[in-house]
Each structure stands twice: as structure tokens, then as C-alpha cells.
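Written below as C-alpha cells is the structure these notes are about.
The values are calculated or read from the model by the stated rules, or taken from the named source; none is laboratory data. Note that the structure is a prediction, hence the values are computed from the model and not measured. Please note: Cβ atoms are built from the backbone with ideal geometry, for glycine as well, and neighbour counts cover all protein chains shown.
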Amino acid sequence: MSSSTRNQSNPAPETLRYVPVDHSRVTFDGGFWKSWTQTVRDVTIPTQHKRLEEEGFLEVLDFDKPAGPLARPIQPSGLSMQHFFDSDFGKWIEAASYTLKAHPNPDIESKIDAIVEKLEHGQMADGYLNSWFIRREPGKRWTNLRDLHEMYSMGHLLEGAVAYFEATGKRRFLDVMIRAVDHIIDTFGREPGKLRGYDAHEEIELALVKLYRITRDPRHLALATYFVDERGQMPSYYDEEAIKRGERPEDYVYKTYAYSQAHMPVREQEQVVGHAVRAMYLFSAMADLAYENNDTSLKAACDKLFDNLTSRQLYVTGGLGPSASNEGFTREFDLPNETAYAETCAAVALGFWSHRMAQTDLDGKFTDKLETVLFNGALSGIARDGEHYFYENVLESHGQHRRWKWHYCPCCPTNIARFVTSLGQYFYSAKPGELAVHLYGANVAELPLGDRLLRLRQETNYPWDGDIRLQVSIDQPSRFILRLRIPAWCREASVSVNGEVIALDACTVKGYAALDREWRNDDEVRIALPMPVDRLYAHPAVSEDGGRVALQRGPVVYCVEETDIGCEPQRLRLPASTELAVRYDSALLGGAAVLEGTAFEAGTADWANALYRTSPPALKARPFRAIPYHLWANRDAGAMAIWLQEA
């Protein structure tokens, strides 16, 4: 490792770190998230397992049978999606496990056990575990880390094993994956005789940190640290590996290792580049290691990269990665709408990264982005029925985009499922003497407070309403700091405790209001977050959005669908003076706040056969209606737009 990346790190003192609450200690007993979490638990999880069976994913685990025809044929690149099928049922197990802790389900548990039994049966004697290579190419394992996702797949299996152990206490799957990790430890590293490689698709790194938090085995943390520190070191391991395979490194299809964030050591990277999901997984692992190792250099790198992403490369929805060709980034301020890739997985992973950053640095800029992702760029990836999805999350369509029940590469369905089923952990964090409230929504939470539990109830119709009531239940008076996130989108927030108004200017740091007091049973906190309709304008360098406006209310970004207005929204002109009324529509896909007013449509009746002319189109007034972006494409097919032309 070069001297520029070498870092002396020590475990962070517990008093410096926030710890997310156990997701199962948060119950969504009403409001927005009750319906969504129930749908994912009762519809999404069972139907995803059905799809895994129907599409031949689980067949890859029949290790005693000769390998049959590929369910996903080899592509021109020489690769098949089947190379990483293991990752998809690993994520499914993880998502399903999150539901089991609070809602036991013998049928789901038996389905997980059946998969685990096959994985254990197929695992090689040395611990290696990857269905593709064990069944199809046993002589080629660990020969192409650049392209074939071996550790990526093992990482998702490992995350599933950790979640299943935490939910049920069963060790079988966890022990299988610990043996697999032991094999990786024996194979990779800087010691003589080991391969000095790392997987091009990041994932194993953050999975190893999750494992370490259970085992406290320093080898697990050291392996994660090695993979992050080794990434981007020169000469490139991928060049050496390609030469060993008899290939020319310059023939690499993506031409640059920036695709895998392996073009330079991670601490030297200042611009987010390459494949969007890989980048977010890497940065999540970097944040984890900064947290666990008290590694200030990794934290500093994360800060630079986060600022680059959010100030120059992030869609208004929290989507990211504009290009289909590399499933990722192109250049700064390149944010096309209709061709936006904005993969669901990338938005979910940005949620992971943002949340992790807030645990060592309680700054609202991180949780603001978590909230944006949650209500917009990630949630748009799943239909309201819980069994149809988007891979790409475009910001504009002429009706060609429709949701599908499964995909050639179905990484996104299981990713959004594990995000929603573990939602509780994103709402609260605690450390000695402090409790942080990151997100708002109706729920009841049991939160750690020293050696006791605090029961906190949120009553609210958030995100449709900004009035929030927090009720404290505690068996005896206790002094601690309650930190409340004040969203950046809210300009006139107010907070009171038992009717006494709090001076927010005096107690708010980095977007969190600190209420330091002795708390008693039945104390009540009232938070008012006014939600006017905001008109958003893009940076001038985002050329496609010049002269356009987007609408946001609270954390929710809005769009206009053809089915609501009777014409393509691309023909609308929204005057700057138009007043938009907010109305709660209980009939809209389970209920949502909609925006209504008057806009102008550019008429076509008098254009005859002309394509161009010297006078602009006539404008006629027509009713205007916008709905939350995450609900689009749940009704009739038609055009959609977030960015509207402003008159």
C-alpha cells in the first residue's frame, strides 16, 4: 500500500458513535409507512420467492444435478446474469429475514431454510461458495475478479446470513458464510502466497463489517479494510489478472477502471465516477470503516465524494447515474430526464451511505438525502401493488415506460424490499446520553436509554402533513439530549415541549435541534414543519432543465401524468404566478396529497401539417394536477414529466 493511503486508525470510542436502533423495535402502526411495510411483507416477499422459482434462479442450487441450460444466456460481452444469481436470493433472504423478527412466518422461514440447506450441501470443502463456478467452471474460480462478481455474490449471501441469524438465532447459514469468509481470508491479502486482489463490484466490504459487528473477530474487519485500502493500487491487479488469462488489459470493455472505482486509491478520489451502485456500495463500506476504525482519512474522502455527488451529479429525486452504457456517471451536471438510468439499486445504496455517514457525523445534509431517496428515487422503484418494479427511474416519459413483474437482471426488486423491511433502523440512532430522530412518520419505537428503554410514539400524517407529535414514555425521570432533525426544505420550523416554545436558533447544529433536559413520562414534543409548495430550479449547467421548474412539497417530489390532465405534460406551460392548492386525495393509490391549479397547454389544432412556423403556439388554460413521483406508472399508460416548462 502506498504511503499516501496508509492510515493509522484506532477503534472509535463508543461515546463518539451513534448506533442505529434495531429495526424490529420500530412499529409502523399507522400513517404512510404502515401500508407500504405491510405490502412488502405480505405481497412483495412471497411473490419474489415465486419469481425466483419461476425464472430458474433457485435451480442453480441443485448441486447434485448436471448443470442445465442457462436461464440467462451468455451476452456479447461473454458474461451472463446467471454469474451472480446467488446475490439475488441472498438479498431476498435478507429482506425476508427483516420481516421475521417482529412477524414470524413459518412458511417464509422454511423457504429460507431450504435455500440454506442447498448452499451448505454445495459448499466446497475449503469453504468456497459460488453456484456458478462450483457447477459450471470449477477450474476458473478467482481468475476474473474484474468481471465475474464472485465476492459480490458472496457478500449478499453474507448479508442475508447475518440478517437471518439476527432474526431467528439460527446459526447454520451464518456458519456456512463464516467458512466462506475464512476461505477468502486464506486466499486474499498482502501476505506471501496470497492473491492481492479485490472484487470489481463492491459489496463484500460492507457485508464483512456487518459480520464483524456480530463476531467481533478482528480478521473480519481487517479483511474489509484490506479490500478498501487495496482498491486502486498500481500496478492494477486487474491488468495482471487479464494477462494471466491470456487477455490484453487494453481490450477491457469499459476501457477504464474508474468503472469500478479502481482507477486510484480511494482516499485520493474526489469525484464520483463509474458504475453508480458499485460506487455507493464502496462509499458505504468506507463510511463503515471510518466509523469502526476511527479512520479520519476515509471520513474526509467520503465527505468530498458526498459533496461532489449531491452538488453536481444527483437528480432532484435522489436518483443517480444518468447513463445506461455504464449504469452510472458520465460528467458533472449531466442529468437528462427521459434517458435517465437512475437505477433503483443506486438510490437504495445512496440511502445506505447517507445513513452511515450520519452515525459518525450527525449532519442533516446526510439524512436530508436519505429522506429524499426514501420518498422519491427509491420508492419509485416498486409499484403500489408490491409486485411490479422499475429498474430505471426516468424523470420524463412519453408513455414508453411501464412497470414489469420481473427483469432480466432483477437486482432492484430485492434491494428495495430489503430497504423497506429494515426501515425502522433509519428513523432513530442512540449513543450514551443522546437520542437522534432522523425521520418522521407514524410509529411506536422502543429505544435504548442506558440500561432502560424509552418508548417514543410519533403521531403524524407525514409526509402529507408537517405536524408531528412525539410522546415520551419512561419509567423514571432521566436527563438526555433528544436531537430532532429539522429538514433543510423547511424554512420556518417550530418545536415546543409541553407547550413551551423552543428557540431553535440557539440549539440547532448541523440541522439537528438539541433538546437537553430531564425528560419525564408523558412529556410531549410538538414539531411543526410547514410544507408550502416549492418551485425548484436546476443549476444553469444542467442544460436540459433550463426554463423548467419542478415541484416539491415537504420531502416529496411531484410529477404530472397524462392520465390526470388529458395531454402530454411536455406541452404544459406552468406560469410562475400560478397558485397551487394542496388536496389530500384518499382515492389515489391508498391516499396522497396532490397539487392542483391551472396551467396552459400549447395547442396543436392550428398547425395543420407545419413542423415549424414563425409564430409560437396558442396557449389555452386547462386544469393542472400533480401527484407524488413515487406513485407514477401505477394507473393508465401515458406520458409523465417532473420538470415542466415555466411560462
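For residue 173, the stated conditions do not hold, so it cannot be described as buried (at least 22 other Cβ atoms within 10 Å of the Cβ) and modelled with pLDDT under 95.
Quick check on this structure: which one of 622, 573 is touching a Cys at 6+ places or on another chain (Cβ under 8 Å), outside any helix (DSSP H, G or I), outside the structural domain of residue 385 (by TED's automatic domain parsing) and surrounded by fewer than 20 Cβ atoms within 10 Å (Cβ to Cβ)?
Numbers: 573 fails: touching a Cys at 6+ places or on another chain (Cβ under 8 Å).
Answer to the selection: 622.
Kindly indicate whether any position in the range 605-617 is touching a Leu at 6+ places or on another chain (Cβ under 9 Å), at pLDDT 95 or above and surrounded by fewer than 20 Cβ atoms within 10 Å (Cβ to Cβ). Checked against the condition, which is being touching a Leu at 6+ places or on another chain (Cβ under 9 Å), at pLDDT 95 or above and surrounded by fewer than 20 Cβ atoms within 10 Å (Cβ to Cβ), the range 605-617 yields no hits at all. All of (1) over 26 Å from residue 94 (Cβ atoms); (2) surrounded by fewer than 17 Cβ atoms within 10 Å (Cβ to Cβ) hold for residue 434 with one exception: (2).
Out of all the residues in the range 481-520, which are in a loop (DSSP other than H, G, I, E, B) and of a type in the set (S, T, N, Q)?
Applying the first criterion (in a loop (DSSP other than H, G, I, E, B)) to the range 481-520 yields 486-493, 498-499, 502-503, 510-511, 520.
Passing the criteria: only 498.
Of all the listed residues (107, 86, 113), the sole one being of a type in the set (Asp, Glu), surrounded by 24 or more Cβ atoms within 10 Å (Cβ to Cβ), at pLDDT 95 or above and in a helix (DSSP H, G or I) is 86.
Checked against (1) touching a strand residue (DSSP E or B) at 6+ places or on another chain (Cβ under 7 Å); (2) among the aliphatic types (A, V, I, L, M); (3) part of a loop (DSSP other than H, G, I, E, B), residue 347 meets all criteria but (3). Scanning the range 576-604 for residues that are surrounded by fewer than 19 Cβ atoms within 10 Å (Cβ to Cβ) and among the charged types (D, E, K, R), we see that the one that is nearest to residue 547 (Cα to Cα) is 579.
A quick yes/no check of all residues on (1) within 29 Å of residue 343 (Cβ to Cβ); (2) out of contact with any Pro (no Cβ under 8 Å at 6 or more places or on another chain); (3) not assigned by TED's automatic domain parsing to the domain that holds residue 439:
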| residue | (1), (2), (3) |
| --- | --- |
| 548 | yes, yes, yes |
| 567 | no, yes, yes |
| 577 | no, yes, yes |
| 593 | yes, no, yes |
| 600 | no, no, yes |
| 605 | no, yes, yes |
| 617 | no, yes, yes |
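Between 604, 614, 578, which is touching a Phe, Trp or Tyr at 6+ places or on another chain (Cβ under 9 Å) and not hydrophobic (A, V, I, L, M, F, W, C)?
Result: 578 is the single residue among 604, 614, 578 that is touching a Phe, Trp or Tyr at 6+ places or on another chain (Cβ under 9 Å) and not hydrophobic (A, V, I, L, M, F, W, C).
Listed by first and then second residue, the pairs linking a residue in the range 500-528 that is buried (at least 16 other Cβ atoms within 10 Å of the Cβ) to a residue that is in a helix (DSSP H, G or I) and among the hydrophobic types (A, V, I, L, M, F, W, C), with Cβ atoms under 8 Å apart and 6 or more places separating them unless they lie on different chains, are 513/504; 513/507; 514/507; 515/507.
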